[in-house]
Amino acid sequence: MRNAREFNFDGLVGPSHNYAGLSFGNVASFNNVKSASNPRQAALQGLAKMRALAARGFAQAVMPPQARPNFRMLRQVGFSGTDGDVLAQAWREAPVILSCAWSASPMWTANAATVSPSSDTADGRVHFTAANLNNKLHRADEHVQATRTLRALFANADRFVVHDPLPSTPAFADEGAANHTRFASAYGAAGVEFFVYGRVEFDPSAAAPKKYPARQTLEASQAIARLHGLDAARTVFAAQNPDVIDQGVFHNDVIAVGNGNVLFYHEQAFADEATTLDALRRALGAVDADLAPVRVATSAVPVADAVASYLFNSQLLSKRDGRMALVVPHECRENAAVSSYLAELVASGGPIDELVEFDLRQSMRNGGGPACLRLRVSLTDDEAAAMHQGVIMTEDLYAQLVPWVERHYRDRVEPRDLADPQLARECAAALEDLERILGLPGLYDWS
Ligand code: SUG
């Protein structure tokens with residue numbers, strides 16, 4: 001078995017971070033609509049998390065933000081003239097569409113792509129498929145830059161392949177790694193890939209949520225498993241519980257997280273808990289590993305508390321001593337049920353023996369916790385050496401990115417600022433500067 005590590009690619013929050021209430025089914029996004037945001041603080045909070053985890057020896061990298069506003073989309077839907085004209089007309093006639101064009105949602109890189117490490121794929125390369133995110137207008141174009149960015153970071157075709165996104169139609173609704181988990185006895189060992197879907201397009205009898213949209217289909221998950229060349233015996237598809245989607249669990253990573261052989265999950269996460277666990281046990285048996293479920297009962301943490309605190313939107317990180325740390329947002333400590341559950345969890349003698357807490361409030365107010373902010377990429381040492389090195393988080397990169405944020409980012413953005421062409425110029429200047437810092441000339445398509 002080759003030595004491998006899990007890199008977490010955290011999304012660097014972009015300079016247009018704002019609260020536009022765009023994600024129907026995401027409770028926090030709806031609750032904070034039109035409040036003032038602080039992009040500078042948001043970016044610094046995210047960088048503080050990256051720096052702290054890198055300093056502890058976890059493999060950490062940064063995923064650059066995307067260019068906003070999305071003038072291409074605004075022009076595609078009929079706004080015209082100069083950039084200033086486009087913004088003014090959209091602000092007058094369609095302010096919600098304007099806010100979609102400005103969304104900094106690419107910060108939630110768990111939705112950027114699904115990633116299969118080389119020890120799982122038929123051709124021995126690391127496979128990536130950028131998610132089409134076609135459920136929401138403000139996210140539906142992210143795959144264009146996400147694909148371009150992934151191809152820039154993972155350019156070595158002997159080791160990496162970045163597929164085109166799935167067709168952008170409801171049958172293939174794909175939200176990336178937020179609905180995908182990998183289990184293995186070690187990062188470099190053959191593993192089990194676990195896909196959780198909310199709906200089946202071509203089976204009208206399959207259960208589906210009634211109130212909020214299901215953002216991942218079985219058809220999309222199966223297509224990705226095919227594209228990545230996964231072994232059927234080591235691939236598990238499971239239905240999410242539609243009732244929890246209707247309670248605000250818009251992605252599986254809001255109710256479950258896995259790492260190593262551990263599945264940390266809420267008892268209501270899956271449509272059929274027993275069948276799902278059986279399937280995982282069987283698949284893990286094929287790689288000589290035993291599933292270690294850590295099940296959270298509704299009596300300990302009701303679903304509403306899990307959604308409010310983002311307990312399961314945590315990162316489960318393997319430490320050198322073989323135990324795991326759970327990276328949680330501050331909101332977990334503020335919730336009485338969750339905080340007492342967590343105190344018991346770390347004292348229980350189970351696989352998770354440490355909590356690491358971060359203030360990610362700017363992102364959390366849009367429904368994005370620690371796990372939303374990162375894309376996991378398991379890489380062997382050779383693969384890690386073959387990817388672009390300029391995005392690896394180091395003290396030196398941190399020391400460049402903090403002043404970059406302070407130079408370019410506003411500390412307040414309100415809805416009316418989205419009509420301001422000056423904000424658009426500031427965002428472009430920031431990203432032009434970032435291409436240089438990260439050593440990625442041509443990262444953005446300014447045409
Ligand atoms: O897609 N919020 C994001 C949050 C994504 C969280 N990601 C994971 N669970 N992995 C979403 O709902 C809100 C934007 C706004 O309303 O301004 C938003 O897009």
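Tabulated data for the structure shown
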quantity: F24 being under 16 Å from the mean Cα position of the chain (by Cα), within 14 Å of the ligand (Cβ to nearest atom) and touching a residue at least 12 places away in the same chain (Cβ under 8 Å); calculated: no
quantity: Residue that is surrounded by the most Cβ atoms within 10 Å (Cβ to Cβ) [pool: residues in region 215-256 that are away from the ligand (no atom under 13 Å from the Cβ) and within 18 Å of the chain's Cα centre (by Cα)]; calculated: A220
quantity: Output for region 203-240, where each listed residue is over 24 Å from R139 (Cα atoms) and in a loop (DSSP other than H, G, I, E, B); calculated: D203, P204, S205, A206, A207, G229, D231
quantity: Evaluation of T109 against (1) more than 10 Å from the ligand (Cβ to nearest atom); (2) closer than 25 Å to T181 by Cα; (3) not aromatic (F, W, Y) (one fails), failing number; calculated: (1)
quantity: Only one of L87, L74, L47, L53 that is away from the ligand (no atom under 16 Å from the Cβ) and without any contact (Cβ under 8 Å) to a residue 40 or more places away in the chain; calculated: L74
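Every read-out reported here was derived from the displayed coordinates using simple, explicitly stated rules and does not represent laboratory data. On a predicted model such as this, the values are computed, not experimentally measured, just so you know. Every residue, glycine among them, receives a Cβ derived from its backbone with ideal geometry; neighbour counts consider all protein chains shown.
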